[in-house]
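Colleague: I have a structure here, written as C-alpha cells, and I will follow up with some questions on it.
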Amino acid sequence: MKNVLILGGGFGGLTAVSFFRKHIKSGKVNVTLIDRNNYSLFTPMLAEVVSGNVKPENIVFPLREICVKNLVHFVKDEVKKVDPETRKVICENGEYSYDYLIVATGSRTNFRGNLSAMKNAFEFKNITDAIHIKYLVIDSLEKASTMDDPEEKRKLLSFSIIGGGITGVELASEMNDYIRAKIKKEYNTVKPDEYDITIFEYAKTVLPAIDPGQAQKAQEILVNNGIHVVNGAAVDEVGLTHITYSINGQQYTKNSTLTVWTAGVEGQEYLKHMGGEATPDSRLKINKALTPQSIDAPNVFVIGDSCAYEFKGRFLPPVAPLAMQQGVMAVKNIIRLINGKEPIEFSYLHFGYLVSLGKNNSVVNLFGIKMRGALAYYIWKVAYLAKIGMFKKQVAVFFDWVMSFCFGNESVLILEQDNCTNCILQKNHKKPVKRMPEG
Ligand SMILES: Cc1cc2nc3c(=O)[nH]c(=O)nc-3n(C[C@H](O)[C@H](O)[C@H](O)COP(=O)(O)OP(=O)(O)OC[C@H]3O[C@@H](n4cnc5c(N)ncnc54)[C@H](O)[C@@H]3O)c2cc1C
C-alpha cells in the first residue's frame, strides 16, 4: 500500500481527500492530511462574518470529522520543510515520509515588501481576521457614538482597504452595509457623512481581473453606495491612524484607523526552499501533470494557490475552482502512477466569476452570461450556498441569512481586549499578531 500525504486541508486538499475515498477502501493507498488548523475555511463568505450575516463557526469545517468520514488520517501540524529527495515532510512536531505528496497549503498575504503595512495593516485571510475586524468596527462605532466633534468622529471612523480585487470589494461592501444599517438605528448620533470606507486600487477600476465593462459598473455601484474608491494609487506607508499614498508621483495622506491589506497573496515560506522554480510571488511553477517544473519529483503534485499554472499563455489567478479541479487531477494522476500508467494533463474549466457588492447587488459572469443587480446577488447566494461542501453548514448558513434578513445584524463586542488571552488585540486598538520579515 502506498503512503500519500496531503499538505493543507483547504479547497484543493479537501477535494483530494474526498476523491481518495474509494481508493482507500480498495486498499490501494493510505492517506494522511496535515494542516496547521483543525478546520478548513470557506473563504468566499469571510466578508459576511464582518457584517454578521453569517456566524464564524458556520463557515469553518471540522477537518478531523471530514477525515474520519473519508478514512483519512488527520494530523494537526505546521509544515516547515519538504525534501523531495528523501521524500520527507518536516513539520513543527514531527517528520512524515511519503510515496506520493500533494502540496495544497494555499497562500499568505503578500505585503509586497511594505514593512509599515506588515506592521500596521490587518490581513484578511483567516477566520480570526474577520472576527478582529468586526470587533474593531463595532468598537469604533461605540466610541464615536459618545463624541460630539464631527471631525473627531470622522477621524475615528475612517477605514481603508488596500486592494480593489474581489476580496477587497466584498469586504468594503459588507462593512458599508453593516455600518449604514447600524447608524440608522443603534448608533444614530453618527451621521452618514461621518464615516468613510475607501478602497485603494492601483488599476483604473476596481476588480481589474474581470470584464472591464462589469468592473466599471461595479465601481459605479460601490460609489453610489457611499464607498470611496481611489484609483491609480500606490500605498507608501500605513501608520496607526493614517495612510500615505501616491498618485502619479504626488503624495497624499488620509486618516485611517483601520487599514486592511487585500492587495495580493504569495506562496508559503517553506515553498521557497523546496528547490523548484517559483514566480516572484513564491508560487511553484508546475507542468501540465501538476508536478514541479524544475525538480525531478514526479511523485509530488502542487495545487491551488501554492502553484503557478500556465494556461493559454498566462499564470492563472489563485481561485478556489482551480484548486478544486487540480485536487481531482492530482488524485487521478497518483492512482495512474500507482497503476503503472502515464499521468494525464490538466486542463482548466473556467466557470466565470461571482462578486458580491453588498445587499441586493452583484456582478456575475457564469459561462459567459453576464449579470448584475438583485438577480445576480441571489445567484451569488445560491451558488456559494451550494458550494459549501457540508450539509449541516449549508443549513446553518441558510438560517444565518434568514435571521439577519428578518431581524438585522447584532453589534455585540464579544472579544474583550483587556482580558484577551495570547494578546489577541493589542490595547492600542491595533493589529492582533505581527508577521515581520525573517532575518
Ligand atoms: C477573503 C477571501 C475571499 C475569497 N473569495 C473567493 C471567492 O469568492 N471565489 C474564489 O474562487 N476564491 C476566493 N478566494 C480565494 C480562495 O480562497 C483560494 O484560491 C483557495 O482557498 C485556494 O485553495 P487552496 O487549497 O490552494 O488553499 P486554501 O484553501 O487556502 O487551504 C490551505 C490550507 O493549508 C493550511 N496551511 C497553510 N500553511 C500551512 C503549513 N505551513 N502547514 C500546515 N498547513 C498549512 C491552511 O490552514 C489551509 O487549511 C478568496 C480568498 C480570501 C482570502
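The values are calculated or read from the model by the stated rules, or taken from the named source; none is laboratory data. Remember, predicted model here, so these are calculated numbers, not experimental data. Ideal geometry is used to build each Cβ from the backbone, glycine not excepted, and the neighbour counts take in all protein chains shown.
Colleague: Would a scan of segment 228-247 turn up a residue that is outside any loop (DSSP other than H, G, I, E, B) and out of contact with any strand residue (DSSP E or B) (no Cβ under 6 Å at 6 or more places or on another chain)?
Modeller: yes
Colleague: So, one more: Kindly establish whether LEU171 is within 16 Å of the ligand (Cβ to nearest atom) and touching a residue at least 40 places away in the same chain (Cβ under 8 Å).
Modeller: yes
Colleague: How many of the residues in segment 5-26 are under 13 Å from the mean Cα position of the chain (by Cα) and either assigned to a loop (DSSP other than H, G, I, E, B) or surrounded by fewer than 24 Cβ atoms within 10 Å (Cβ to Cβ) (or both)?
Modeller: Adding up the residues that qualify gives 1.
Colleague: Here's a follow-up. Are any of the residues in segment 372-388 crowded, with 18+ Cβ neighbours inside 10 Å and part of a strand (DSSP E or B)?
Modeller: yes
Colleague: Assigned to a strand (DSSP E or B), touching a strand residue (DSSP E or B) at 6+ places or on another chain (Cβ under 8 Å) and without any contact (Cβ under 8 Å) to a residue 24 or more places away in the chain: is that true of ILE90 in this structure?
Modeller: Numbers: assigned to a strand (DSSP E or B): yes; touching a strand residue (DSSP E or B) at 6+ places or on another chain (Cβ under 8 Å): yes; without any contact (Cβ under 8 Å) to a residue 24 or more places away in the chain: yes.
Yes: the conditions hold for ILE90.
Colleague: Within segment 27-43, restricting attention to residues that are within 20 Å of the chain's Cα centre (by Cα) and among the aliphatic types (A, V, I, L, M), which residue is surrounded by the most Cβ atoms within 10 Å (Cβ to Cβ)?
Modeller: ILE34
Colleague: What about LEU71, is it within 11 Å of the ligand (Cβ to nearest atom) and either among the aliphatic types (A, V, I, L, M) or assigned by TED's automatic domain parsing to the domain that holds MET390 (or both)?
Modeller: No.
Colleague: Filter segment 44-79 down to residues that are part of a strand (DSSP E or B) and out of contact with any Cys (no Cβ under 6 Å at 6 or more places or on another chain) and give me whichever is surrounded by the fewest Cβ atoms within 10 Å (Cβ to Cβ).
Modeller: HIS73
Colleague: Please work out if LYS153 is surrounded by 22 or more Cβ atoms within 10 Å (Cβ to Cβ) and either part of a helix (DSSP H, G or I) or at positive phi (or both).
Modeller: Taking the combined requirement at face value, the residue satisfies it.
Colleague: What are the residues in segment 292-332 that are more than 26 Å from LYS125 (Cα to Cα) and of a type in the set (D, E, K, R), if any?
Modeller: Answer for segment 292-332, where residues must be more than 26 Å from LYS125 (Cα to Cα) and of a type in the set (D, E, K, R): ASP296, LYS312, LYS332.
Colleague: If you don't mind, another one. When you check THR105 against the structure, is it in contact with a Leu (Cβ under 7 Å, 6 or more places away or on another chain) and among the polar types (S, T, N, Q), yes or no?
Modeller: The answer is yes for THR105.
Colleague: What about VAL319, is it more than 17 Å from the chain's Cα centre (by Cα), surrounded by fewer than 21 Cβ atoms within 10 Å (Cβ to Cβ) and within 13 Å of the ligand (Cβ to nearest atom)?
Modeller: no
Colleague: If the requirement is being under 20 Å from LEU385 (Cα atoms) and of a type in the set (D, E, K, R), which of these qualifies: LYS55, LYS81?
Modeller: Step by step, each of LYS55, LYS81 is checked, and only LYS55 is under 20 Å from LEU385 (Cα atoms) and of a type in the set (D, E, K, R).
Colleague: Can we say THR146 is assigned by TED's automatic domain parsing to the domain that holds LYS182, surrounded by fewer than 18 Cβ atoms within 10 Å (Cβ to Cβ) and within 16 Å of the ligand (Cβ to nearest atom)?
Modeller: no
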